[in-house]
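What follows is a set of notes on a single structure, which appears directly below.
Each reported figure results from applying straightforward, stated rules to the coordinates on display, with no laboratory input. Because the structure is predicted, anything quoted here is derived from the model rather than measured. With ideal geometry, Cβ positions are generated from the backbone for all residues, glycine too; neighbour counts draw on all protein chains shown.
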Amino acid sequence: MKTRELYIFNCAANTAMQTLAGILLDTLLLMNSQMIKLLFSFSFLFVVNISKGQTTVQKKSVNQTKDTLKRNYDFSRLKPVELPRPNSGTFTYEQAGKRKNEIYNLQLTPKHFSWTNPTSGGAVHINKRDEIEVYQFTIGILESVTDSAINYIDAPKDTFVVITDPKNLHYYVGGIGEGNPASVLITSEIRLDKSEAIKKIMQELWLPSVQIYYLTKRR
């Protein structure tokens, strides 16, 4: 092959290789884009599947705590205290009502995942944004409420749910009955006199069927 013909051949070959490389690169980028979209769609479907009861209950997100400092908080210096329960046999509504504000004495803490529930129920937490979080489920995460059934799904370890509408709060931390009240621990990261969430929580949970606990320092 002559030198000029060889040069033209090499140029053509290089151009073809560059074109092929460009096509391959575009294809890979497209595949990556489609893969990202697919993964995003899968993640979205997973979250929707976990929270598919949100149309009948409320919007919520399921989270798992990853803050090592919060999980390693020293709760040994604190103790759970019972808030007087209305119509409990020990307190009447009037007597318990006069001591209702004792909940404002709670010690500010992160969520207490190692709390041992004496009966059944769960725990309710007020975060720094004054949002209501529910954790320590003994029955499971509330999935949906219908006229005929209340449905739950299993709650992985250290799971919490942020809820925006507390009207179904008692379903999240409800007990199994059998003569025992549900036991609910209330924790908070902000002062309760600065919180609107505590008012909603008490409105829903200050009941004869719910024993509320809070944490104070040991003496």
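General remarks:
- Protection-proxy order for peptides 132-142, 164-174, 147-157, 95-105, each taking the mean of Cβ atoms within 10 Å per residue, highest first: 132-142, 164-174, 95-105, 147-157
- Relative contact order %, region 83-219, counting alpha carbon pairs below 8 Å whose residues are six or more apart: 32 percent
- Comparing Gly121, Leu108, Ile150 along the charge dipole axis of region 76-184, the residue lying farthest to the positive side is Leu108, per the Cβ-charge model.
- For region 73-83, 3J(HN,Hα) per residue [Karplus equation, 6.51 cos²θ - 1.76 cosθ + 1.60, θ = phi - 60°, Hz, x = Gly/Pro]: 4, 7, 8, 5, 8, 10, 9, x, 10, 7, 7
- Region 120-196, relative contact order in percent, only Cα pairs under 8 angstrom and at least six apart counted: 42 percent
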